[in-house]
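The values are calculated or read from the model by the stated rules, or taken from the named source; none is laboratory data. Being a predicted model, the structure only gives us computed values, none of them experimental. Backbone-built Cβ (ideal geometry, glycine too); neighbour counts: all protein chains shown.
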Amino acid sequence: MIRRFAKPLSLAVLPLAVSGALVSCSSDDSDAAGEDAASQEALQNPPASDAPADLILNDASTPEGYTFEPAGSEGDEDLSDLFADEGEDSGDVVTPPQCAPLAVDLGLVLQWSMEPADKTAVASFVQDQDDESGVFVRVTTGAPEGGMPDIAGCGEFSSESNSEFGSMSKSFQATPVDVSVDGVDDLAAADITVTGLLLDGEDVGAETVGQTARYITGALGDRTFNFLVVGQVDNEVVQQLAADQVARMNSVGA
């Protein structure tokens, strides 16, 4: 179940909850029309400020058949306070290190929710009929740490982490994805596949190995947005949400 992702679970043991490969994103005439509509909507209802909480997508962008939920909504824990110290101890060591931005699974969403609310905003769009399929969105201040990920140089990589549960080792593959969104300074996208998962040397990845999630990151000036797409999500849904997010971030003060 991933409808409510702000739950007090350890980053070290939270598994992927994806159910299949994702549809490739591409730009066509319908995508361009959708981006124009997104720009018009953003101009009519611009963000109140350039704070992440105002810049991130809101309920107005919810695709048909999906439910919108911001992190920190009623009933969710405020993880930035609840786990203020855990984030410092639960970081993964990625080899090679430049591939660290691509070592993603649903644990990344929990990590986003643990970041300070004045610097990061998180939201989700989850399918009504399949709550293991959805799009998780993050907007944060600052350019991407270490710059945009070098997807071409990270075909295969691994991560190691330690916690009270033991030593976790994960291996990944990254495949570049062609995603086009107007109005961004930099953009990168990849399908990330988990190829191995070990806890204290024992294989614990029977349900997660071979599963794929899509990771998209874009930079607009001193703001960054990230998408994590899991399960069976249509190409058009991802493309429209990305267009909406970029248009909203570009419409501050318009």
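See the values below:
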read-out	value
Count of the stretch 63-102 residues which are at pLDDT below 90 and not in a helix (DSSP H, G or I)	15
Some residue of the stretch 197-204 being buried (at least 19 other Cβ atoms within 10 Å of the Cβ) and part of a strand (DSSP E or B)	yes
Any hit, the stretch 210-224, residues being surrounded by fewer than 18 Cβ atoms within 10 Å (Cβ to Cβ) and free of Cβ contacts under 8 Å to residues at least 24 places away in the same chain	yes
Qualifying residue in the stretch 165-172 (condition: part of a loop (DSSP other than H, G, I, E, B), buried (at least 17 other Cβ atoms within 10 Å of the Cβ) and out of contact with any Phe, Trp or Tyr (no Cβ under 8 Å at 6 or more places or on another chain))	no
Condition met for VAL238 (touching a Lys or Arg at 6+ places or on another chain (Cβ under 6 Å), touching a residue at least 24 places away in the same chain (Cβ under 8 Å) and under 20 Å from VAL126 (Cα atoms))	no
Subset of the stretch 205-226 that is assigned to a loop (DSSP other than H, G, I, E, B) and β-branched (Val, Ile, Thr) - its residue that is nearest to the chain's Cα centre (by Cα)	THR208
Search result, residues across the stretch 227-254 that are in a strand (DSSP E or B) and β-branched (Val, Ile, Thr)	VAL229, VAL230
Unmet criterion (only one of (1) crowded, with 22+ Cβ neighbours inside 10 Å; (2) touching a residue at least 60 places away in the same chain (Cβ under 8 Å)) for SER159	(1)
Hey, SER124 of a type in the set (S, T, N, Q), over 19 Å from VAL229 (Cα atoms), modelled with pLDDT of 90 or more and assigned to a strand (DSSP E or B) or not	no
Residues of the stretch 176-196 classified as of a type in the set (Asp, Glu), at pLDDT below 95 and either part of a strand (DSSP E or B) or crowded, with 19+ Cβ neighbours inside 10 Å (or both), total	1
